[in-house]
Amino acid sequence: MNWYLEVLKKYVAFSGRARRKEHWMFFLFNILAVIVVATVDLALGTFPLLYPIYFLAVLLPHLGVTVRRLHDTGRSGWSILFGLIPLVGGIILIVFLATEGERSQNAYGPSPKPSAAY
């Protein structure tokens, strides 16, 4: 849960780097939150109301952590646009996001992993 809150604290931070764990834990908790919000929305009978509000609220943090994750792999944040390519774009983006980050400092900053881990 802390990973989710950390990303929300960096609401529109597009600079720097993010570890794989930070990105994927945010993604996991975001999916769980979407399920809960959609369920509550359906239970209240207001389905197209709460879900879009939640989606818009976490859109910028999700884009921010994805761009920072791409920075960790040495890629520009503009690489997120690969996701727009039909059929293969999403797969390419998942591969980029799942790739291990650069261990040393790159153009986007120092490694987010503690150096003692290496």
### Query
segment 59-100: D in µm²/s via Stokes-Einstein (Kirkwood Rh, Cα pairs, 4 °C, 1.567 mPa s)?
127 µm²/s
### Residues ALA57 and TRP24, FRET efficiency given R0 of 25 Å [Cβ-Cβ distance, rounded to 0.05]
0.80
### Summary
Under Stokes-Einstein, segment 1-53 at 20 °C and 1.002 mPa s, with its Kirkwood radius over C-alpha pairs, diffuses with a coefficient in µm²/s of 173 µm²/s
### Query
Which of the trypsin sites (Lys or Arg not before Pro) found in segment 31-118 are loop residues per DSSP with 12 or fewer other Cβ atoms within 10 Å of their Cβ?
ARG103
### Message
Can you pull out the GluC sites (Glu not before Pro) in segment 1-105 whose DSSP state is coil and whose Cβ has at most 10 other Cβ atoms within 10 Å?
### Response
GLU100
### Task
From the P(r) of the chain, can you give the percent of Cα pairs sitting at distances over 18 Å?
56 percent
### Query
Based solely on its DSSP helices, what 222 nm [θ] is calculated for the chain when runs of n ≥ 4 H residues each add -39,500 (n - 2.57) and the sum is averaged over all residues, nearest 500 deg cm²/dmol?
-19500 deg cm²/dmol
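Readers should treat all values here as calculations from the given coordinates under stated rules, not as data from a laboratory. Please read these numbers as outputs of a predicted model, since none were measured by experiment. All Cβ positions, even for glycine, are placed from backbone atoms using ideal geometry, and neighbour counts span all protein chains on display.
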